[in-house]
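Peer 1: The structure under discussion is supplied below as structure tokens; questions concerning it will follow.
The values are calculated or read from the model by the stated rules, or taken from the named source; none is laboratory data. This one's a predicted model, so the numbers in the text were calculated from it and none came from an experiment. Note that we place each Cβ from the backbone using ideal geometry, even for glycine, and neighbour counts take in every protein chain shown.
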Amino acid sequence: MIVAKLKSAGELAVLRAKLDSRGQRLVFTNGCFDLLHVGHVRYLQAASALGDVLVVAVNGDDSVRALKGAGRPVNTELDRAEVLAALACVDFVTVFQSVRVTDLIRTVKPHVYVKGGDYTPESLDAGEREALESVGAKIEIVALVPGKSTTETLRRSREQGAGGREQETAGANP
């Protein structure tokens, strides 16, 4: 694990204050990031471009199960954090255990909050939106990459496991 990139909420609050003193902006996003795919990477690259430091908050394992259901997460919270920390566009990663990121928003006080195009500012959780407004965060929505989602990746995997794999390789030369 790139330990230097894994930060607590308190460490991120200190970082935010340092960035303020330098006139820099902390960009913040959150999610499960269960199976990292090109949609995630492009989303995180776009988020990073909106400020000076990108912090990614990763849902803990229990909160992923509460949000996504049985069988999720596929990867543990620390594995997901490590993969995210390895990306050049991600400056810092934190893991949060609650279903909602509201308390972390209030602690970190990001300048910019980013979500994917499956959200609108109005469709964000009301508590999260109120926390963002209370800390003065600008909400940015980044377009999704069509057909690139964890749900779609898992669907394709299930289809291939149920015979799709044979169809995929049937025409291949030995």
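Peer 1: Among the residues of segment 93-103, are any in contact (Cβ under 8 Å) with a residue 40 or more places away in the chain, under 24 Å from GLY136 (Cβ atoms), of a type in the set (Phe, Trp, Tyr) and surrounded by fewer than 21 Cβ atoms within 10 Å (Cβ to Cβ)?
Peer 2: yes
Peer 1: Filter segment 65-82 down to residues that are of a type in the set (A, V, I, L, M, F, W, C) and more than 17 Å from GLN97 (Cβ to Cβ), then give me how many there are.
Peer 2: 2
Peer 1: While we're on this one: Please find, within segment 1-36, the residue that is farthest from HIS111 (Cα to Cα) out of those that are aliphatic (A, V, I, L, M), at pLDDT 95 or above and outside any helix (DSSP H, G or I).
Peer 2: Checked segment 1-36; the qualifying residue farthest from HIS111 (Cα to Cα) is LEU6.
Peer 1: A further question follows. Quick test of your reading of the structure: ARG129 fulfils all but one of (1) more than 21 Å from SER8 (Cβ to Cβ); (2) within 14 Å of the chain's Cα centre (by Cα). Name the failing condition by number.
Peer 2: So the condition that ARG129 fails would be (2).
Peer 1: If a residue has to be of a type in the set (A, V, I, L, M) and surrounded by fewer than 17 Cβ atoms within 10 Å (Cβ to Cβ) to count, how many in segment 53-76 make the cut?
Peer 2: 4
Peer 1: Within segment 98-127, take every residue that is out of contact with any Phe, Trp or Tyr (no Cβ under 9 Å at 6 or more places or on another chain) and β-branched (Val, Ile, Thr) and give me the one that is nearest to PHE33 (Cα to Cα).
Peer 2: VAL99
Peer 1: I'd like to check which helices (runs of 4 or more DSSP H) are fully inside segment 113-174 and have at least 2 residues that are modelled with pLDDT under 65 and out of contact with any Gly (no Cβ under 7 Å at 6 or more places or on another chain).
Peer 2: 150-159, 165-170
Peer 1: Given the condition closer than 26 Å to VAL135 by Cα, surrounded by 17 or more Cβ atoms within 10 Å (Cβ to Cβ) and among the small types (Gly, Ala, Ser), answer yes or no: does some residue in segment 80-89 qualify?
Peer 2: The answer is yes, given that some residue of segment 80-89 is closer than 26 Å to VAL135 by Cα, surrounded by 17 or more Cβ atoms within 10 Å (Cβ to Cβ) and among the small types (Gly, Ala, Ser).
Peer 1: Look through LEU35, LEU50 and report the one residue that is surrounded by fewer than 21 Cβ atoms within 10 Å (Cβ to Cβ) and touching a Ser or Thr at 6+ places or on another chain (Cβ under 7 Å).
Peer 2: Every option except LEU35 fails the conditions.
A quick yes/no check of all residues on (1) under 17 Å from the mean Cα position of the chain (by Cα); (2) more than 17 Å from ARG25 (Cβ to Cβ); (3) of a type in the set (D, E, K, R):
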position	(1), (2), (3)
PHE96	yes, yes, no
VAL99	yes, yes, no
VAL108	yes, no, no
HIS111	yes, no, no
LYS115	yes, no, yes
ASP118	yes, yes, yes
ASP125	yes, yes, yes
GLU140	yes, no, yes
